[in-house]
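Undergrad: Structure provided below as C-alpha cells; questions to follow.
The values are calculated or read from the model by the stated rules, or taken from the named source; none is laboratory data. Bear in mind the structure is a predicted one, so any value in this text is a computation, not a measurement. As a convention, Cβ positions derive from the backbone with ideal geometry for all residues, glycine included, and neighbour counts pool all protein chains shown.
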Amino acid sequence: MSRLREAIAALLTLTLFLSPVWGAPSSSLGTVVYADRAHMGAGVASVGSTVFGGDRLSTEQSGSVQVRAGAARFLLSSASSATFANEDGSPAATLTLGSATFSTANSRAFALHVASAVIRPNTDEPTIGYVTVLNPKELVVRSTKGSLMVAVGDDVRVIPEGAAYRIVLDSTDAPPPQKPAGAGGKGYGGSPVKAAKSKFIWYAIGITAVVTFLAVQEALESPDRP
C-alpha cells in the first residue's frame with residue numbers, strides 16, 4: 001500500500017513539472033514562403049524557416065522575403081527590416097526600416113507597428129496595406145485593397161481603399177510635403193487632416209509607383225505563389 005502511495009505521489013510530482021510544457025502555446029508565428037537575399041537574425045532566411053516571436057527579418061538591396069502567418073501574408077521589400085511578435089494570439093511585426101506589404105483575410109489577422117503607430121485591417125474583408133518608413137516619426141501608408149485603421153493611442157483613423165497618406169507622429173507644426181515636379185495626384189501636399197487632441201497628423205498624397213503597388217498586390221494574391 002505504501003508503495004502505491006509513493007508511486008501516485010511520484011506521478012503527481014512529474015505531472016506538475018510537465019503541465020507547464022504541455023499547456024504552453026506554441027510561439028511559432030509563421031513560415032517563410034519566399035526569400036531572396038534575406039536574413040533572419042544573423043543567419044540567412046530560407047524557404048520553410050519557422051518565424052517565432054522576437055525574430056528579426058531583414059533584406060539586402062534588391063532582396064525580399066515573404067512570410068505566411070495564419071490568415072495573413074507579410075512581404076518585406078528590399079533594404080528593409082522588421083521584428084515579429086505575438087499579440088494576444090495574433091501575429092504582428094514592427095517595421096523599423098524600409099517598406100512592407102501585408103495582406104489579411106480578417107481584421108485580427110495581422111498588425112503592423114511603426115514607432116507609436118499601429119496599422120491593421122479595418123474590416124474582416126480581404127485587405128492589402130503598404131507601409132514605408134521615411135524616418136523615426138514619419139511614414140507613408142497606402143491601402144490597395146479594403147480599408148486600413150491607423151491608431152496612435154486613442155487617436156484612431158481610417159484610410160479608405162485606394163488612398164495614401166503621409167503620417168507625421170508627435171508633431172503639431174510639420175510642414176506639408178512639397179509637390180514633386182510632374183506629380184499629378186490631386187490633393188498632394190494639401191492641408192493636413194487633424195482632429196482635436198490629435199496624436200498625429202496626416203497629409204493626403206498622390207498615387208505614385210503604381211507599377212510597384214500592382215506588382216506587390218499580384219505577388220500576394222496570385223494562386224501560383226506558395
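Undergrad: State all residues of region 138-152 that are in contact with a Phe, Trp or Tyr (Cβ under 9 Å, 6 or more places away or on another chain) and either within 18 Å of A72 (Cα to Cα) or modelled with pLDDT under 95 (or both); if no residue qualifies, say none.
TA: Matches in region 138-152: V141, R142, S143, T144, V150, V152.
Undergrad: Can you find, within region 81-94, the residue that is surrounded by the most Cβ atoms within 10 Å (Cβ to Cβ) among those that are under 18 Å from V44 (Cβ atoms) and small (G, A, S)?
TA: Once the filter is applied, the top-ranked residue is A82.
Undergrad: Name the single residue, out of those in region 148-172 being among the hydrophobic types (A, V, I, L, M, F, W, C) and exposed (fewer than 15 other Cβ atoms within 10 Å of the Cβ), that is nearest to N122 (Cα to Cα).
TA: V158
Undergrad: Specify the residue that is nearest to A109 (Cα to Cα); the eligible residues are those in region 30-58 that are in contact (Cβ under 8 Å) with a residue 24 or more places away in the chain and in contact with a Lys or Arg (Cβ under 6 Å, 6 or more places away or on another chain).
TA: Top of the filtered list is G30.
Undergrad: Return the only residue of V156, V150, V168 being without any contact (Cβ under 8 Å) to a residue 12 or more places away in the chain and more than 30 Å from A42 (Cβ to Cβ).
TA: Step by step, each of V156, V150, V168 is checked, and only V156 is without any contact (Cβ under 8 Å) to a residue 12 or more places away in the chain and more than 30 Å from A42 (Cβ to Cβ).
Undergrad: In region 36-80, what residues are surrounded by 17 or more Cβ atoms within 10 Å (Cβ to Cβ), farther than 27 Å from E125 by Cα and out of contact with any His (no Cβ under 9 Å at 6 or more places or on another chain)?
TA: A38, H39, M40, S49, D55, S80
Undergrad: Can you name every residue in region 135-147 that is surrounded by 20 or more Cβ atoms within 10 Å (Cβ to Cβ) and free of Cβ contacts under 8 Å to residues at least 24 places away in the same chain?
TA: Listed by number, the list holds a single entry, S143.
Undergrad: Given the criterion under 21 Å from V141 (Cα atoms) and over 11 Å from the mean Cα position of the chain (by Cα), identify the matching residue among R73, R108, R56, R37.
TA: R108
Undergrad: Same structure, new question: Please go through region 61-80 and give me each residue that is out of contact with any Asp or Glu (no Cβ under 9 Å at 6 or more places or on another chain) and within 12 Å of A45 (Cβ to Cβ), ordered by number.
TA: Across region 61-80, the qualifying residues are Q66, V67, L76.
Undergrad: Continuing with the same structure: Scan region 95-130 residue by residue and report those that are of a type in the set (V, I, T) and surrounded by fewer than 17 Cβ atoms within 10 Å (Cβ to Cβ).
TA: Matches in region 95-130: T96, T123.
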